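Peer 1: Submitted below is the structure of interest, expressed as C-alpha cells.
Bear in mind that the values in this text are calculations on the coordinates, not laboratory data. Note that this is a predicted model, so its numbers are computed, not measured. Neighbour counts are summed over all protein chains in view; Cβ atoms, including those assigned to glycine, are modelled from backbone coordinates with ideal geometry.
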Amino acid sequence: MKEGFRHSMAWLHTWGGLLFGWLLFAVFITGSLGVFDEAISRWMGPPAQATAALSSEQRMEAVRLATRHLEQTAAHSPFWGIRLPGEGEGSLRLAWRDGVGQLRIDHLDPLSGTPLPATAQRESDGGHHFVHMHFQLQAGTFGIWLVGLATVALLVALISGVVVHKRIFKDFFTFRPAKGQRSWLDGHNAAGVLTLPFQLMIAYSGLVVFYDTYMPAAIAANFHDVDHYEQALLERPGRPARQGVAAPLLPLECLLAVGETRLGREARFLVLSAPGDAGALVRIFGRPLAEDGQQELVVNSGVAAFKGATGEALWLEEPGLAQGGGALLTQQVMVALHFVRFGGYPLKWLYFVSGLVGAVLIATGLVLFSLKRRKRQTPEFGAATASIHRLIEALNVAAVAGISLACIAFFWINRLLPTALEQRAEWEISLFFAVWALSLPHALLRPPLRAWWEQLGLAALLCLTLPLINAITTGDQLLAALARGDGARAGVELVAVAIGLLLAWLAWQLRRRQRLAMEPLEVH
Amino acid sequence: MQTVNDGMTTPSSRQLQSPAPAGRGRGLPYGSLLSRIAAAILGGYLLAAASSLLLARLLPLAPAEAVLAATLPSFAIYVGAVLWAFAVTDVGRVWRGLLQPALAMAVVACLLPSVGAP
C-alpha cells in the first residue's frame with residue numbers, strides 16, 4: 001500500500017474522527033441507553049399499577065370513554081392517539097395537538113373515564129428521550145440530518161482507521177497497560193477491531209432507517225410523493241385525503257372490535273387522522289406478543305386501517321407476516337438489526353455492551369488526539385495553536401464526561417422535578433441540555449485532567465446514589481423492587497450502580513494521576 | 001479503560017501521523033482544504049444520489065422496489081466517494097471525478113422512462 005494513501009487516510013481519520021467524535025459519542029451513549037428505553041420509561045413513569053388485563057368489553061368501553069373525552073377537549077386536533085392499558089401501564093393515555101400545535105397528553109381511568117391528576121403521572125419522556133437524542137439530538141429534521149452526516153463520518157472513520165492500522169490482526173492481541181499513550185492506542189485498536197462488524201452494521205443500518213429522508217432523489221424522480229411511493233411499496237390503497245367536510249365518526253369501539261378480530265390479537269393503540277372529517281382514517285395497532293421476535297427478525301404486530309366515517313376496511317397488515325417484496329424486506333431486516341426488536345434480552349445486552357464499546361472507541365480516539373499534542377507541540381495553527389488545543393481538550397471533556405453526567409442527571413431530574421409542573425417532560429429535557437451545556441465552561445475553567453475527574457466523579461456519585469434518591473423521593477427501594485420481581489425498575493438502578501463503580505474507579509485513577517504528576521498536563 | 005498517563009513513552013507516530021492536510025499538502029492553504037471537504041460532502045452526495053437515480057430506472061423490479069433497491073447501496077457510494085476525495089492529490093481532479101460521473105448518470109436517468117406512477 002502506498003504510504004501517501006495511508007498518510008491521507010490517517011489525516012482524515014484524525015480530523016474527521018475529532019470533529020464528528022464529539023457528536024458521535026453522544027449518539028453512541030444515548031443509543032446504548034435507548035436499547036433499554038422501555039425499562040427506563042418504566043422507571044421514570046408512575047408506579048406500575050397492578051391492573052388485571054382488560055376484557056374485550058372493557059377495552060371497548062375504555063375506547064368509548066376516550067372518544068367522549070377527546071370530542072370534548074380535542075375536537076380540532078389533526079390527530080388523536082389512544083393507548084390502551086397494558087404492559088405495566090394502568091391508565092388510558094390520550095394524545096392530541098392543541099390550537100398552537102403543542103402535543104397534549106391526558107390520562108384517564110380506563111374503567112370510569114375519570115381524568116387522572118397530573119401529579120399521579122410524573123409525566124416524562126422517559127427512555128424515549130435517549131432515543132430521540134440518539135437519532136435527532138432533540139432538534140427535529142435538522143438533527144436527523146446532522147446525525148446522518150455524523151454516521152457517514154463514522155463509516156469513513158472506521159474504514160480509514162482500518163487502512164491506517166497496519167498490523168490489525170497482531171495488534172488485536174496486544175495490550176500494554178499503564179504505558180500512557182501506547183495503552184490508549186492499544187485500547188482504541190482493541191475496541192475498534194473487536195466490535196468492527198457491529199459498528200459497521202449499526203452505522204449503515206442507521207442510515208437505512210431514514211433512507212427516504214437522506215436519499216429522496218429516486219423517490220422524487222419516480223413518484224408523485226412519498227405517500228404514493230409507500231402505497232406502491234406496501235401494495236396497499238392510499239390514505240383517504242382530508243375532505244374539509246365534517247362527518248360524524250362511527251363509534252370507535254365498534255371499529256376496535258372489528259379491528260381486533262381482523263388482527264386476531266388485542267389492540268395496543270389507536271390513531272385517528274383528521275377526526276371529525278369525512279376523510280378520517282382510523283388505524284388500530286396490535287399488541288406485541290411475548291414470543292414475537294424469537295423466531296423472526298422482522299417483528300410485525302399488525303395494523304388494521306378503516307375509514308372513520310364509513311367503517312370501510314382500507315388495509316390490513318397481518319401480524320407476523322412480512323410486507324412487500326425483496327427490497328422492502330431487505331430494508332426491514334436492516335431496520336430490525338438496528339432496533340434489535342428480536343432475540344429478547346440477551347440480544348439487547350449484546351447491543352448495549354457493543355454500543356458502549358463503540359463509545360469507548362470514540363472516547364479513546366479523542367483522548368489520543370490531545371495526548372499526542374500535549375507532547376509534541378507542532379504549531380499546526382500558528383500562534384493560536386495552544387489555545388485551539390486547549391479548546392479541543394475542553395470539548396473532549398464536555399463531549400465525553402459532560403454528556404455522561406447529563407445522562408445520569410436526567411434520571412435525577414426525573415425524580416426531583418415536582419410532578420404537578422406544567423410541561424414537565426419538556427422541563428426534564430431542557431435541564432438535561434443545561435447540565436450538558438454547563439460541562440463546557442467547567443472544562444474550560446479547570447485544568448484538563450481535573451475537569452475530567454471532577455465531571456466523571458460527579459457522574460459516578462449520581463450513578464451510585466440513584467437507588468438512594470429513588471427511595472427518598474418515591475419510597476420504593478431497590479431490594480423491594482427485586483423482591484417483587486420488577487426487573488425493569490431494579491435493572492435500571494443496578495446498571496446505574498455498576499456504571500457508577502466503573503466511573504468512580506476511572507475518576508479516582510485520573511485524580512491520583514493528577515496528584516502524582518503535579519499537574520504536568522495543565523495547559524494554560 | 002486505562003488511566004491517563006502523562007506519558008514517559010516516546011511519541012509513537014505510527015498512526016494519526018501528521019496534521020498536514022491530505023494529498024501531501026505541505027502548507028496547503030485552507031482554501032484548498034475547504035474545497036476538498038466541500039467536494040467530499042456535496043460532490044459525494046450528488047454522486048450517490050445520481051447513482052440511485054440511474055439504478056432505480058435500470059433495475060428490472062417493480063417500481064417502488066427498484067427505487068428502494070437503488071437507494072440502499074447509495075450510502076456505500078457516498079462513503080467511498082468521501083474516502084476517495086481525501087486520497088487524491090489534486091483537488092480539481094476530486095471535483096471533476098465526482099461531478100462528471102454524477103452528471104452523466106443523472107442525464108442518462110432522465111432519458112430513461114420514469115418507473116413509477118406520474
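Peer 1: Relative contact order for segment B:42-111: what percent, with Cα pairs under 8 Å and sequence separation of 6 or more?
Peer 2: 46 percent
Peer 1: Sticking with this one: Dipole of segment A:377-524 (Lys/Arg Cβ +1, Asp/Glu Cβ -1, origin at the Cα centre): which of A:508, A:408, A:431 lies farthest to the positive side?
Peer 2: A:508
Peer 1: Now, a different point. How large is Rg/Rh for segment A:312-403, to two decimals, with Cα atoms and a Kirkwood Rh?
Peer 2: Reported Rg/Rh, Kirkwood definition of Rh: 1.30.
Peer 1: Follow-up question, since we're still on this one. Using a 7 Å offset from the Cα along the Cα-to-Cβ direction at both residue A:468 and residue A:268, what is the distance between the two label points in nm, to one decimal?
Peer 2: With each label placed 7 Å out from Cα toward Cβ, I get 3.8 nm.
Peer 1: Here is a follow-up. Counting other C-beta atoms within 10 Å, which of A:381, A:410 has the fewest, and how do the rest follow?
Peer 2: If I rank by nearby Cβ atoms, fewest first, I get A:381, A:410.
Peer 1: Determine the gain in length on full extension of the stretch residue A:347-residue A:146; use 0.36 nm per residue of separation and subtract their C-alpha separation, reporting nm with one decimal.
Peer 2: 69.6 nm
Peer 1: Here's a follow-up. Obtain the nm distance between the two label points defined at residue A:339 and residue A:438 by a simple spin-label model: each point lies 7 Å from its Cα along the Cα-to-C-beta direction.
Peer 2: Between residue A:339 and residue A:438, the simple spin-label model gives 3.6 nm.
Peer 1: With everything on Cα atoms, drop me the angle between helix A:385-397 and the longest principal axis of chain A, reported from 0 to 90° to the nearest 10.
Peer 2: For helix A:385-397, the angle is close to 40 degrees.
Peer 1: May I ask you to compute the full-extension gain from residue A:258 to residue A:220, defined as 0.36 nm times their residue separation minus their alpha-carbon distance, rounded to one decimal in nm?
Peer 2: Once the chain is fully extended between residue A:258 and residue A:220, it gains 10.0 nm.
Peer 1: Helix A:140-164 against the longest principal axis of chain A: what's the angle in degrees, Cα atoms only, rounded to the nearest 10?
Peer 2: It works out to around 40 degrees.
Peer 1: Please report, for the Cα atoms of segment A:139-291, the Rg to one decimal and the Dmax as a whole number; what are they, in angstrom?
Peer 2: 24.9, 74
Peer 1: Counting other Cβ atoms within 10 Å, keep those with at most 11, restrict to DSSP loop, and tell me which chymotrypsin sites (Phe, Trp or Tyr not before Pro) in segment A:143-242 are left.
Peer 2: A:173
Peer 1: To continue, here is another question. Against the longest principal axis of chain A, how steep is helix A:3-34, in degrees 0 to 90 to the nearest 10, with axes from Cα atoms?
Peer 2: The helix A:3-34 is inclined about 50 degrees to chain A.
Peer 1: For segment B:42-111, taking Cα atoms only, what is the radius of gyration to one decimal and the Dmax to the nearest whole Å?
Peer 2: 12.7, 42
Peer 1: A follow-up question, please. Within segment A:200-221, name every residue whose backbone N is under 17 Å away from a label modeled 7 Å from Cα of residue B:58 along the Cβ vector.
Peer 2: Hits in segment A:200-221 for residue B:58 at 17 Å: A:218-219.
Peer 1: Let me ask you something else. Where nothing but the Cβ of Lys and Arg (+1) and of Asp and Glu (-1) is charged, how large is the charge dipole of segment A:377-524 around its Cα centre, in debye to the nearest 20?
Peer 2: 400 debye
Peer 1: With θ set to phi - 60°, apply the Karplus curve 6.51 cos²θ - 1.76 cosθ + 1.60 along segment A:349-363 and write out the HN-Hα couplings as whole Hz, x wherever there is a Gly or Pro.
Peer 2: In residue order, the calculated couplings are 5, 4, 5, 4, 5, 4, x, 5, 5, x, 5, 5, 4, 5, 5 Hz.
Peer 1: Provide the FRET efficiency to the nearest 0.05 for the residue A:388-residue A:423 pair, computing r from the beta carbons and using R0 = 45 Å.
Peer 2: With a Förster radius of 45 Å, E is 0.70.
Peer 1: Take the Cβ-Cβ distance between residue A:291 and residue A:480 as r, set R0 to 35 Å, and report the resulting FRET efficiency rounded to the nearest 0.05.
Peer 2: That pair, residue A:291 with residue A:480, gives E of 0.70.
Peer 1: Tell me which of A:217, A:240, A:297 sits at the most positive position along the dipole axis of segment A:207-331, charges placed on C-beta atoms (Lys, Arg +1; Asp, Glu -1).
Peer 2: The Cα lying farthest towards the positive end belongs to A:240.
Peer 1: Once the Cβ-Cβ distance between residue A:315 and residue B:42 is put in as r, and R0 is 45 Å, what FRET efficiency do you end up with, to the nearest 0.05?
Peer 2: Once the sixth-power term is evaluated, E becomes 0.70.
Peer 1: Along the Cα→Cβ direction, 7 angstrom out, place labels at residue B:35 and residue A:200. What is the inter-label distance in nm?
Peer 2: 3.4 nm
Peer 1: Along its principal axes, what span do the Cα atoms of segment A:377-524 show, with the longest given first and each in whole Å?
Peer 2: Each principal axis gives a Cα extent; for segment A:377-524 these are 61, 37, 19 Å.
Peer 1: Scattering from the C-alpha atoms of the protein assembly as shown alone, worked out with Debye: what is log10 I(q)/I(0) at q = 0.12 1/Å?
Peer 2: The computed values of log10 I(q)/I(0) come out as -1.37.
Peer 1: From Cα pairs below 8 angstrom and at least 6 apart in sequence, can you work out the relative contact order of segment A:54-111, rounded to a whole percent?
Peer 2: With pairs under 8 Å counted, the relative contact order is 31 percent.
Peer 1: At a 10 Å Cβ-Cβ cut-off, how would you order A:476, B:90, fewest neighbours first?
Peer 2: B:90, A:476
Peer 1: Next question. Would you mind ranking A:144, A:413, A:105 by Cβ crowding within 10 Å, fewest neighbours first?
Peer 2: A:105, A:144, A:413
Peer 1: Let me ask something else. Please compute the length gained on full extension between residue A:461 and residue A:109, using 0.36 nm multiplied by the number of residues separating them and subtracting their Cα-Cα distance.
Peer 2: Computed gain between residue A:461 and residue A:109 is 122.9 nm.
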